[in-house]
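Accompanying notes for the structure given below.
The values are calculated or read from the model by the stated rules, or taken from the named source; none is laboratory data. Given the structure is predicted, the values throughout are model-derived calculations rather than measurements. Glycine also receives a Cβ, built like all others from the backbone with ideal geometry; neighbour counts cover every protein chain displayed.
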Amino acid sequence: MAGLSELGSIMGTVNTSELALPDDYPRLLAELKAQIRSAQWTATRVVNTALIKLYWAIGKAILDRQKAEGWGARVIDRLSDDLCAACPDMRGLSRSNIHYMRQMAAAWPEPAIGQQPVGQLPWGHVTVLLGKLDEPDAMDWYARAAVTGGWSRNVLAGGSEQRTDERPGVTVFACVLDGVPDRTFGIRSRQDSCAKLSEHLRVAFVAR
């Protein structure tokens, strides 16, 4: 039986231009590709939100024990070491991440973390918010902007450093739609910004 690589090579030799494709083939192909992308996006988001909820729960448990029993940094570090030893296949349990988890639970004390904008962001984005901002309102502002605009981690870091939220009259939607200078978000133009927002909204609508 031919292996997958051999099968791919055999199929690659077929001249698709000789195939008489149905008239609606391009439309079906486009629809299936959209469904695949939507399913991938949804699966990624579900897994990511579950991970954020877990990290928040770990942080909340540590925060509660710090308040009740006076846990110090050394105890938290030991907890990280023991969790890493118990779960060697799981990434994200380093000492720095454990401290970020505690910080996240303090910044967002409500248990429904998955329903908030921050719960829809990758963990790397969350650590940017925690590492560069102190005010809860500012963290929420940038979390909403990052979710709405589909910002990368670098874009989020640049925006939080420039403190775009403090500019007069700037809203999350206007920031994403109109774009801001290159040096802040790396958005080349209004057209680029609109395209990013349009794609984010399209994928979100398809996934509903």
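Checked against (1) surrounded by 23 or more Cβ atoms within 10 Å (Cβ to Cβ); (2) within 15 Å of the chain's Cα centre (by Cα); (3) not acidic (Asp, Glu), GLY159 passes all but a single condition, namely (2). Can you tell me which residues in the stretch 108-154 are of a type in the set (Lys, Arg) and not in a helix (DSSP H, G or I)? The answer is none; no residue qualifies. Any residue that is over 11 Å from the mean Cα position of the chain (by Cα) and over 17 Å from ARG45 (Cβ atoms) - is there at least one of those in the stretch 147-154? For the stretch 147-154, residues over 11 Å from the mean Cα position of the chain (by Cα) and over 17 Å from ARG45 (Cβ atoms): present. Selection of the stretch 101-115 for residues being without any contact (Cβ under 8 Å) to a residue 40 or more places away in the chain and buried (at least 17 other Cβ atoms within 10 Å of the Cβ) yields only ALA107. Of all positions in the stretch 57-68, at least one carries a residue that is among the β-branched types (Val, Ile, Thr) and modelled with pLDDT of 95 or more. Looking across the stretch 58-75 at every residue that is exposed (fewer than 14 other Cβ atoms within 10 Å of the Cβ) and among the small types (Gly, Ala, Ser), the one that is nearest to GLY124 (Cα to Cα) is identified as ALA73. Against the condition under 30 Å from ASP81 (Cβ atoms) and either surrounded by fewer than 17 Cβ atoms within 10 Å (Cβ to Cβ) or at pLDDT 90 or above (or both), how does LEU177 come out, does it pass? Considered against the rule, which asks whether it is under 30 Å from ASP81 (Cβ atoms) and either surrounded by fewer than 17 Cβ atoms within 10 Å (Cβ to Cβ) or at pLDDT 90 or above (or both), LEU177 comes out as no.
Taking residues in the stretch 135-147 that are touching a residue at least 24 places away in the same chain (Cβ under 8 Å), and partners anywhere that are outside any helix (DSSP H, G or I) and crowded, with 21+ Cβ neighbours inside 10 Å, the pairs with Cβ atoms closer than 7 Å and at least 6 places apart or on different chains are ALA143/LEU121; ALA145/TRP151; ALA146/LEU121; VAL147/LEU121. The residue of the stretch 84-94 that is farthest from the chain's Cα centre (by Cα), among those that are crowded, with 16+ Cβ neighbours inside 10 Å and at pLDDT 95 or above, is CYS84.
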